[in-house]
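Report on the following structure.
The values are calculated or read from the model by the stated rules, or taken from the named source; none is laboratory data. Predicted model, so just to flag it, every value in this text is computed and none were measured. Backbone-built Cβ (ideal geometry, glycine too); neighbour counts: all protein chains shown. Protein only, heavy atoms only, side chains kept; ligands, DNA and RNA dropped before computing areas. Shrake-Rupley method; radii C 1.70, N 1.55, O 1.52, S 1.80 Å.
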Amino acid sequence: MDINNLPINVHNEWGELKEVIVGSATGAQIPIHDISISAINYAGKDIPVPAGLYPEQVIEETNEDLEEFVRVLKSRNIKIHRPKNINLTKKISNGIWETNGYYTYCPRDTFTTIGNSIIETPSPLRSRFFENYVYHDIFLSKFKQGSKWISSPKPILDDDLYQIADIDKDTLTLKENEPCFDAANIIKCGKDILYLVSNSGNKLGAQWIRSILGEKYRVHVLENLYSYMHIDSTISFLRPGLVLLNPSRVKIEKLPKFLQSWDHIWSADNVDIGHYPNYCNSSTWIGMNLLMLDEHTAVVEKHQIELIKQLEKKSINVCALSLRHSRTLGGGFHCITNDLYRSGDFEDYS
Ligand code: DAV
């Protein structure tokens, strides 16, 4: 298939990667504290740091790691796009609330690509309301070349959408007032799309994406696996028939039927690479948040030695790279990218 004929082409998580957006740490900050940040990023906890820029060391070292990652991708002839630098400290508002921006480190969160479509998703974080502007030029150029460009209804995100008090394990902090989800609550496997219901994605969000994708797709709604955030530190597709699972979160019977008969790798405990004091947005499981470059090659954080061995046993070559602040900023190699073009067509793998 000629890459120039289809501006966007993504059907799964493992087709040969040809074109991708890689995030940036420049200007990354903790937004003005508000109910959305408390409910989603710090569910059940106090925010331990004041609003404002991440420490310089975090930003600098992350940008160094991202440059090395970009160098490796380029050496494989993968076309790279980066977010536009914008001033994230500027106030933003939808007329109901006012806040400021967050970061552009995780392109995976605010839009998804399915088939030839770009789909902008309704983030539950107010600070991410306009985040996709940093990709606007990319979307515009893909649209002019013939891709579809769809955006969700703009969520209102009023205080009543969130619940913070008295949460227990079974109560999600994001309510069902309107469709809300991060694109990273989704992973793709041809006809089958997995959608995790969690604090960063509600059931109405699943209903919305199902309504957009139509009969051609099966959207599987996964519940009661993991409440905090996205799906990509819980389930990672590696190739047709092989999936990496988080043993502390996944029970086989909770998976869609077709995945139950696949070959499973139960991830070894991830090595805790630590985080900058008081700044932490993910568990140690961010180590299994890997990026497949093709069916035989994974980019994995370099300290995850046991996980790397598990992958190699299944004939997956590992490109081990550093991402020193992946826990601090809450994003591994899957989060910090978003696929624009992967080889392969729409298929039914079930
Ligand atoms: O702690 O497993 C990581 C967030 C990935 N976007 C976790 C959530």
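Give the residue, chosen from Gly146, Gly95, that is under 18 Å from Pro7 (Cβ atoms), in a loop (DSSP other than H, G, I, E, B) and more than 16 Å from the ligand (Cβ to nearest atom).
Gly146
Find the residue count for segment 52-68, including only residues that are closer than 29 Å to Trp97 by Cβ and touching a residue at least 40 places away in the same chain (Cβ under 8 Å).
So the count comes out to 4.
Restricting attention to segment 98-139, which residues are in a helix (DSSP H, G or I) and either buried (at least 18 other Cβ atoms within 10 Å of the Cβ) or within 16 Å of the ligand (Cβ to nearest atom) (or both)? Reasoning before the result, please.
Going through segment 98-139, the residues in a helix (DSSP H, G or I) turn out to be 107-109, 126-128, 131-139.
Result: Pro107, Arg108, Asp109, Arg126, Ser127, Arg128, Glu131, Asn132, Val134, Tyr135, Ile138, Phe139.
Can you give me the ranges of the strands (runs of 3 or more DSSP E) entirely in segment 214-284 with at least 2 residues that are within 14 Å of the ligand (Cβ to nearest atom)?
235-239, 242-245
Here are Leu225, Leu242: which of them is modelled with pLDDT under 95 and either open to solvent by less than 30 Å² (accessible area, probe 1.4 Å) or within 20 Å of Gly344 (Cβ to Cβ) (or both)? Outline the logic, then answer.
Details: Leu242 fails: modelled with pLDDT under 95.
Only one candidate qualifies: Leu225.
Look through segment 196-213, keep the residues that are β-branched (Val, Ile, Thr) and not in a loop (DSSP other than H, G, I, E, B), and return whichever of them is surrounded by the most Cβ atoms within 10 Å (Cβ to Cβ).
Filtering segment 196-213 for residues that are β-branched (Val, Ile, Thr) and not in a loop (DSSP other than H, G, I, E, B), the one surrounded by the most Cβ atoms within 10 Å (Cβ to Cβ) comes out as Ile209.
Those residues that are of a type in the set (Gly, Ala, Ser) and within 13 Å of Gln310 (Cα to Cα), I need them from segment 237-254; list them, please.
The answer is none; no residue qualifies.
Pick from Arg82, Arg71: which is over 17 Å from the mean Cα position of the chain (by Cα) and open to solvent by 50 Å² or more (accessible area, probe 1.4 Å)? Working first, answer last.
Working: Arg82 fails: over 17 Å from the mean Cα position of the chain (by Cα).
Of Arg82, Arg71, the one residue that is over 17 Å from the mean Cα position of the chain (by Cα) and open to solvent by 50 Å² or more (accessible area, probe 1.4 Å) is Arg71.
Please go through segment 1-25 and give me each residue that is open to solvent by 60 Å² or more (accessible area, probe 1.4 Å) and in contact with a strand residue (DSSP E or B) (Cβ under 9 Å, 6 or more places away or on another chain), ordered by number.
In the first step, residues of segment 1-25 are kept if they are open to solvent by 60 Å² or more (accessible area, probe 1.4 Å); the result is 1-5, 16, 18.
Listed by number, the residues that qualify are Met1, Ile3, Glu16, Lys18.
Using the structure shown, decide if Ile193 is under 19 Å from the mean Cα position of the chain (by Cα), among the hydrophobic types (A, V, I, L, M, F, W, C) and within 16 Å of the ligand (Cβ to nearest atom).
No; evaluated as a whole, the condition is false for this residue.
When you scan segment 286-350 for strands (runs of 3 or more DSSP E) that lie fully inside it, which ones turn up with 3 or more residues that are within 16 Å of the ligand (Cβ to nearest atom) and modelled with pLDDT of 95 or more?
On the way: elements: 291-294, 297-301, 317-321, 337-342.
Because the criterion is at least 3 residues that are within 16 Å of the ligand (Cβ to nearest atom) and modelled with pLDDT of 95 or more, the strands (runs of 3 or more DSSP E) in segment 286-350 that meet it are 297-301, 337-342.
Asn41 is checked against (1) closer than 22 Å to Arg327 by Cβ; (2) open to solvent by 30 Å² or more (accessible area, probe 1.4 Å); (3) among the polar types (S, T, N, Q); (4) within 22 Å of the chain's Cα centre (by Cα) and fails just one. What number does that condition carry?
Against the list (1) closer than 22 Å to Arg327 by Cβ; (2) open to solvent by 30 Å² or more (accessible area, probe 1.4 Å); (3) among the polar types (S, T, N, Q); (4) within 22 Å of the chain's Cα centre (by Cα), Asn41 comes up short only on (2).
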